[in-house]
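Inspection log for the structure reproduced underneath, given as structure tokens.
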Amino acid sequence: MITATLTILGPLAAVVLISLPSRTANAVERRTFRADIAELPIVILAGLGFAGFFIGIDRAAAEGALWWPLTIVRVFGITLVALAFLAAIAAAALLGSTLGRHGIVLVVVFALITFGYGRTRDIADGGKNVWAGGRVVREVVDDDIVPDGSVVRYRLVSDSEQPDANRSRQRQRFMLYQFYLPELRFEIDDGGPEDVSPFVFAPTNTQSLIDEGGTIVWRDPSAGIGLWALPGSPG
């Protein structure tokens, strides 16, 4: 940690020294110099604050304790959204006095679009290239993990059991697997007899399948879902 701190302090000191005026030839430059000196503690404290934050994140990542960096980032993000919304309201009031109602409507619409994008960005980004990502399931047939024409069950696990893939992701993957594996017949696993099929798609931490003696023979690298083989499966 000491090495990392020194690594950051060196460039910080260089930036501070470079930013100081080299000469104080007149009264204006002397006032500027005094102002720079007065702000120097703030600059140093800000630099040390950023350094401490990123060093803390690095140590937290190494120890697996990421809750506090994520909390800070989320609070900061919410604060920015709130400030942006307040700025939009102020801009609406300003435009309203100059452009009338049309200006207010324009700013309000822009603010709602910006706020809505901020709230839905993670969900929208999570849906990008979903269909392309599901192609990896072709390995199940191409690598002869499951024979052509087999029946494969799909077990949906409730979010209350904290599965590696939430229920929404499970349903999404279920549709993709059916699309990319037309050679197989899919059935929802509703607790019926085990001899319907020994192959089950389910989240990789499904406790019921572990209790049944199942083993994972294939994993979806981007979804937390695997293909389980129960005792009695061929191969």
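Details
Yes/no matrix, rows are residues, columns are (1) at pLDDT below 65; (2) under 30 Å from GLY116 (Cα atoms); (3) touching a Leu at 6+ places or on another chain (Cβ under 7 Å); (4) surrounded by fewer than 14 Cβ atoms within 10 Å (Cβ to Cβ):
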{"residue": "ILE37", "(1), (2), (3), (4)": "no, no, no, yes"}
{"residue": "LEU48", "(1), (2), (3), (4)": "no, no, no, no"}
{"residue": "ASP58", "(1), (2), (3), (4)": "no, no, no, yes"}
{"residue": "ALA62", "(1), (2), (3), (4)": "yes, no, no, yes"}
{"residue": "THR98", "(1), (2), (3), (4)": "no, yes, no, yes"}
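- Among the residues listed as ILE18, ILE72, ILE42, the single one being loosely packed, with under 10 Cβ neighbours inside 10 Å, at pLDDT 70 or above and not polar (S, T, N, Q): ILE42
- No other residue among VAL107, VAL146 is surrounded by 18 or more Cβ atoms within 10 Å (Cβ to Cβ), β-branched (Val, Ile, Thr) and modelled with pLDDT under 70 apart from VAL107.
- Single residue of segment 161-186 satisfying the filter (more than 23 Å from the chain's Cα centre (by Cα) and not in a helix (DSSP H, G or I)) that is nearest to ILE210 (Cα to Cα): PHE186
The values are calculated or read from the model by the stated rules, or taken from the named source; none is laboratory data. Quick caveat, the model's predicted, so the values are computed rather than measured. So basically every Cβ, Gly included, is an ideal-geometry build from the backbone, and we count neighbours across all protein chains shown.
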